[in-house]
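See below for the structure under consideration.
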């Protein structure tokens with residue numbers, strides 16, 4: 001009788017050890033998959049940053065060089081997409097080209113003009129950029145303060161200086177930051193996402209006279 005009980009207990013222990021081994025192997029595999037996924041995600045972000053930097057390097061401030069000089073190795077179609085200018089925000093170390101057109105693919109590479117026509121005229125130039133919660137694109141615009149300077153360079157190299165007047169958030173369906181502005185002023189609006197509450201972070205600035 002004792003031998004039977006001992007055999008049963010040994011079988012249960014073996015089964016427990018086997019299950020524990022399987023669980024341990026599954027946990028290791030899951031951790032490896034998570035680490036690989038994170039690595040792949042940041043690798044893709046780095047590639048987009050590289051393309052943006054390549055555009056800056058190949059961008060003569062007076063004009064955009066031939067599209068053949070833009071790195072097309074990342075399967076991004078940049079044909080017929082021109083540069084509106086360059087945005088520089090010294091206080092948060094932002095320096096990127098601005099695409100004239102707005103598409104999901106271009107937005108992954110660099111900020112895009114979402115609304116507005118021309119610089120140096122009464123208008124609301126709206127520029128959208130991704131927030132990856134790191135140091136890239138518009139991730140840090142929430143750290144801007146009133147009176148911080150934002151520089152926009154046009155394709156002729158002329159520098160326009162804007163001073164931050166307001167930083168706030170709106171619901172993702174709220175279009176007032178685009179359409180509600182003083183028609184007599186030269187306004188710049190930066191837009192990005194708040195990835196925590198899914199609101200839109202808005203930075204409103206006004207051009208110096």
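For the stretch 79-94, which residues satisfy the criterion of being under 14 Å from residue 149 (Cα atoms) and touching a helix residue (DSSP H, G or I) at 6+ places or on another chain (Cβ under 7 Å)?
Across the stretch 79-94, the qualifying residue is only 92.
Kindly provide the set of residues from the stretch 124-154 that are out of contact with any strand residue (DSSP E or B) (no Cβ under 6 Å at 6 or more places or on another chain) and either at pLDDT below 95 or part of a helix (DSSP H, G or I) (or both), ordered by number.
132, 133, 134, 135, 136, 137, 140, 143
Within the stretch 120-144, restricting attention to residues that are surrounded by 20 or more Cβ atoms within 10 Å (Cβ to Cβ) and under 14 Å from residue 85 (Cβ atoms), which residue is farthest from the chain's Cα centre (by Cα)?
Among them, the one singled out is 125.
Might you check whether a residue that is over 17 Å from residue 207 (Cβ atoms), under 18 Å from the mean Cα position of the chain (by Cα) and part of a helix (DSSP H, G or I) occurs anywhere in the stretch 157-171?
no
All but one of (1) touching a helix residue (DSSP H, G or I) at 6+ places or on another chain (Cβ under 7 Å); (2) in contact (Cβ under 8 Å) with a residue 40 or more places away in the chain hold for residue 112, so report the exception by its number.
Of everything listed in (1) touching a helix residue (DSSP H, G or I) at 6+ places or on another chain (Cβ under 7 Å); (2) in contact (Cβ under 8 Å) with a residue 40 or more places away in the chain, residue 112 misses just condition (2).
Being over 15 Å from residue 131 (Cβ atoms) and either free of Cβ contacts under 8 Å to residues at least 12 places away in the same chain or out of contact with any strand residue (DSSP E or B) (no Cβ under 9 Å at 6 or more places or on another chain) (or both) is the filter here; which residues of the stretch 185-209 pass it?
Residue satisfying the conditions is 209 alone.
Among residues belonging to the stretch 176-204 that are surrounded by 12 or more Cβ atoms within 10 Å (Cβ to Cβ) and more than 20 Å from the chain's Cα centre (by Cα), point out the one that is nearest to residue 138 (Cα to Cα).
Checked the stretch 176-204; the qualifying residue nearest to residue 138 (Cα to Cα) is 187.
Which numbered condition trips up residue 147, out of (1) loosely packed, with under 15 Cβ neighbours inside 10 Å; (2) touching a residue at least 60 places away in the same chain (Cβ under 8 Å)?
It fails just one condition, (2).
The values are calculated or read from the model by the stated rules, or taken from the named source; none is laboratory data. As the structure is a prediction and not an experimental result, all values here were calculated from the model. Positions of Cβ are backbone-derived with ideal geometry, glycine not excepted, and every protein chain shown enters the neighbour counts.
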